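The values are calculated or read from the model by the stated rules, or taken from the named source; none is laboratory data. Computed from a predicted structure; not experimentally measured. Counting neighbours? That spans all protein chains shown, and the Cβs are built from the backbone with ideal geometry, glycine included.
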Amino acid sequence: MAELSLEARALVFRWPGGGRGLEGLDLAVSRGRTLAVLGPNGAGKSTLLLHLNGTLRPESGEVRLEGTPAGYGRAALSAWRRRVGLVLQDPDDQLFAASVAEDVSFGPLNLGLPPDEAAGRVSEALAALGISDLAERAPHHLSFGQKKRVAIAGAVAMRPEILLLDEPLAGLDPRSGLRLRVLLAGLAAAGTTLVLTTHDVDLAWALADEVALFVAGRTLRQGPAAEVLADRALLAEAGLEPPLLLELGVSSRAEALARLGR
Amino acid sequence: MSLALDRLAAASRWRRRALFEKALLALSLLALSLALPPWPGAALVLLLAWIAALGGARVGLGAWLRLVTAPFGFALVATVALAVEIGPDGIALAADGGRAALLALLRASAALSCLLLLAVTCPAPDLVRGLRRLGLPAESVELALLVWRFLFLLLDSATEIRHAQEARLGWQGWRRSLRSLGLLIALLLPRAMERARQLEIGLAARGFDGSLPVLSPAVAVSWRFVAITLAAEAGITGVTLWLS
């Protein structure tokens with residue numbers, strides 16, 4: 001078992017309006033792995049991510065960083081967010097500055113880096129996301145896919161140990177989706193721990209080492225992707241279908257066995 | 001969704017020139033158009049501003065003409081009032097009114113062209129940052145830049161809502177349009193509030209602690225550009241004083 005870097009224990013949270021929150025949720029994030037939090041719409045996945053970076057505080061239960069319970073004081077939150085980055089689902093919720101480079105520089109400057117080092121982080125992050133040519137553009141002159149990559153660059157420039165991504169591929173066309181998948185795989189290969197929420201089993205299958213099935217505010221099951229995603233009964237319980245590639249494999253195997261007369 | 005002026009400024013060939021150069025050119029021309037006798041001073045300023053916009057910054061002629069039409073129209077209407085007077089016999093041409101109106105129109109057009117030249121070569125955020133260097137408090141600058149960013153998000157939301165309303169037969173006839181407009185405004189407020197709340201979460205995740213520091217690109221001032229500007233303006237002043 002890899003080292004745990006972030007852990008949620010029995011989190012309970014209810015939204016004031018009665019929206020779905022968390023009902024005793026457990027989750028373990030291992031260092032250097034990619035974890036997909038998989039569940040249907042409205043299961044509370046975004047609420048979970050907001051707990052994992054300290055934006056929301058659970059009514060009971062706790063979030064642990066490197067084995068110690070996380071604090072919610074100003075200094076503790078600041079240290080927490082240096083290590084755990086968050087990318088929201090809608091990039092327009094995150095981009096605030098007049099140009100791409102300025103927006104990406106916000107995080108590094110908040111880390112207290114001197115301007116030239118921050119500028120280095122900015123060009124590095126833009127290059128990593130393949131958007132160096134957009135540096136001087138205004139956010140409202142960008143396509144949705146480009147904005148999404150700028151939002152991710154804004155988090156990546158802070159070099160977080162763990163990057164939380166809320167529905168990273170939502171709203172992207174297949175081509176930009178594929179490009180982003182490759183970029184995320186690159187980040188993971190470079191050592192960043194990724195936690196992404198999605199209802200896309202194929203994305204989880206392609207990208208994640210581990211999958212946490214998430215239903216009605218609770219983790220139904222967390223385990224290796226190949227194991228969890230192959231469990232049809234479990235997926236059905238979460239209101240999901242098995243990954244297409246896995247289905248194809250299973251059906252062609254069945255066909256081949258039938259042809260052999262077994 | 002994007003405003004025409006904003007799009008033009010972002011695409012202008014002078015986009016990357018230092019703000020100092022562009023502001024010097026436009027504002028000193030503006031001063032000349034007001035200080036020099038309108039003929040031939042303002043006429044020369046008008047000419048130079050148009051050459052700078054069309055030839056220097058390479059703003060498309062069509063886009064530039066669309067931009068100047070509305071303010072020039074206002075100036076024209078206002079100067080017509082100078083040309084006529086209401087006497088005992090009704091409305092008549094004022095004595096020497098035609099000439100006065102023409103000169104006023106010339107001066108107004110020249111001054112407007114200078115301001116539009118600045119607007120069409122500098123995106124709004126650059127101008128606001130320039131004001132910061134002139135001593136505007138950082139808080140005001142940050143606020144202005146946020147407002148500018150939100151303007152486009154709000155326009156996007158409003159356009160989406162309007163399209164959705166049109167698809168369900170809103171905006172047909174005066175009464176329904178008024179009702180649709182009311183509903184649109186009522187929807188925009190909570191959307192803007194929600195957007196602001198989300199933005200706060202997004203900023204907090206990147207270490208927001210009350211201020212919005214960003215790295216602004218520093219552009220070196222081209223002294224050649226400044227020299228050419230000053231030489232051209234000296235020329236205009238010389239010719240005007242010599243001729244008048």
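With within 25 Å of residue A:203 (Cβ to Cβ), assigned to a strand (DSSP E or B) and not hydroxyl-bearing (Ser, Thr, Tyr) as the only criterion, which of A:10, A:28, A:43 stands out?
The match here is A:28.
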Checklist entry - Just a yes or no: is a residue in region A:66-73 surrounded by fewer than 23 Cβ atoms within 10 Å (Cβ to Cβ) and in contact (Cβ under 8 Å) with a residue 60 or more places away in the chain? => result yes
Next on the checklist: Condition first: surrounded by 13 or more Cβ atoms within 10 Å (Cβ to Cβ) and either under 22 Å from residue A:167 (Cβ atoms) or within 17 Å of the chain's Cα centre (by Cα) (or both). Can you find one or more residues in region A:248-259 that meet it?
Outcome noted: no
Checklist entry - Which one of these is acidic (Asp, Glu), surrounded by fewer than 17 Cβ atoms within 10 Å (Cβ to Cβ) and on the phi > 0 side of the Ramachandran plot: B:89, B:96? => result B:96
Next on the checklist: Please return the ranges of helices (runs of 4 or more DSSP H) entirely within region B:60-164 where 3 or more residues are under 29 Å from residue B:192 (Cβ atoms) and charged (D, E, K, R).
Outcome noted: B:124-133
Checklist entry - Within the set of pairs 6+ apart or on separate chains, which have a first residue in region A:248-262 that is under 24 Å from residue A:201 (Cβ atoms), a second that is among the aliphatic types (A, V, I, L, M), and C-beta atoms under 9 Å apart? => result A:250/A:230
Next on the checklist: Here's a check for you: in region B:196-214, which residue that is more than 7 Å from chain A (Cβ to nearest Cβ) and of a type in the set (Gly, Ala, Ser) is surrounded by the fewest Cβ atoms within 10 Å (Cβ to Cβ)?
Outcome noted: B:210
Checklist entry - Only one of these conditions is not met by residue B:145: (1) at pLDDT 90 or above; (2) among the aliphatic types (A, V, I, L, M); (3) surrounded by 15 or more Cβ atoms within 10 Å (Cβ to Cβ). Which number is it? => result (1)
Checklist entry - Out of (1) over 16 Å from residue B:204 (Cα atoms); (2) in contact (Cβ under 8 Å) with a residue 40 or more places away in the chain; (3) within 14 Å of chain B (Cβ to nearest Cβ); (4) of a type in the set (A, V, I, L, M, F, W, C), the odd one out for residue A:152 is which? => result (1)
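Surrounded by fewer than 22 Cβ atoms within 10 Å (Cβ to Cβ), out of contact with any helix residue (DSSP H, G or I) (no Cβ under 8 Å at 6 or more places or on another chain), touching a residue at least 60 places away in the same chain (Cβ under 8 Å) and more than 28 Å from residue B:144 (Cβ to Cβ): is that true of residue A:7 in this structure? Steps first, please.
On the way: surrounded by fewer than 22 Cβ atoms within 10 Å (Cβ to Cβ): yes; out of contact with any helix residue (DSSP H, G or I) (no Cβ under 8 Å at 6 or more places or on another chain): yes; touching a residue at least 60 places away in the same chain (Cβ under 8 Å): yes; more than 28 Å from residue B:144 (Cβ to Cβ): yes.
The answer is yes for residue A:7.
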Item to check | Tally of residues being among the aliphatic types (A, V, I, L, M), touching a helix residue (DSSP H, G or I) at 6+ places or on another chain (Cβ under 9 Å) and more than 14 Å from chain A (Cβ to nearest Cβ) across region B:155-167 | outcome: 1
Checklist entry - Is there any pair linking a residue in region B:141-154 that is at the interface with chain A (Cβ under 9 Å from one of its Cβ atoms) to one that is β-branched (Val, Ile, Thr), with Cβ under 9 Å and at least six apart or on different chains, and which? => result B:145/B:128; B:145/B:214; B:148/B:128
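Modelled with pLDDT of 90 or more, under 30 Å from residue B:35 (Cα atoms) and surrounded by 13 or more Cβ atoms within 10 Å (Cβ to Cβ): does that describe residue B:227?
Details: modelled with pLDDT of 90 or more: yes; under 30 Å from residue B:35 (Cα atoms): yes; surrounded by 13 or more Cβ atoms within 10 Å (Cβ to Cβ): no.
In short, no.
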Item to check | Residue match in region A:164-183 (condition: hydrophobic (A, V, I, L, M, F, W, C), in contact with a helix residue (DSSP H, G or I) (Cβ under 6 Å, 6 or more places away or on another chain) and within 14 Å of chain B (Cβ to nearest Cβ)) | outcome: yes
Checklist entry - So residue B:220 clears everything in (1) surrounded by 13 or more Cβ atoms within 10 Å (Cβ to Cβ); (2) modelled with pLDDT under 90 except one condition, right? Which one? => result (1)
Next on the checklist: Name the residue that is farthest from the other protein chains (Cβ to nearest Cβ), counting only residues in region A:130-142 that are under 16 Å from residue A:94 (Cβ atoms) and part of a helix (DSSP H, G or I).
Outcome noted: A:134
Next on the checklist: Taking the condition of being without any contact (Cβ under 8 Å) to a residue 60 or more places away in the chain, closer than 15 Å to residue B:19 by Cα and surrounded by fewer than 18 Cβ atoms within 10 Å (Cβ to Cβ), how many residues in region B:111-140 meet it?
Outcome noted: 4
Next on the checklist: So residue A:170 passes all but one of these: (1) hydrophobic (A, V, I, L, M, F, W, C); (2) surrounded by fewer than 19 Cβ atoms within 10 Å (Cβ to Cβ); (3) without any contact (Cβ under 8 Å) to a residue 40 or more places away in the chain; (4) under 30 Å from residue B:203 (Cβ atoms). Which condition number does it fail?
Outcome noted: (3)
Next on the checklist: Being surrounded by 13 or more Cβ atoms within 10 Å (Cβ to Cβ), in a helix (DSSP H, G or I), at pLDDT 90 or above and within 24 Å of the chain's Cα centre (by Cα): is that true of residue B:184 here?
Outcome noted: no
Checklist outcome for this item: Restricting attention to region B:193-240, the residues that are farther than 30 Å from residue A:123 by Cα and more than 30 Å from the chain's Cα centre (by Cα) number exactly 1
Checklist entry - Quick check, is residue B:170 more than 12 Å from chain A (Cβ to nearest Cβ), of a type outside the set (D, E, K, R) and crowded, with 16+ Cβ neighbours inside 10 Å? => result yes
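For residue A:57, are the conditions met, namely being within 28 Å of residue A:140 (Cα to Cα), out of contact with any Leu (no Cβ under 9 Å at 6 or more places or on another chain), among the basic types (Lys, Arg) and at pLDDT 90 or above?
The answer is no for residue A:57.
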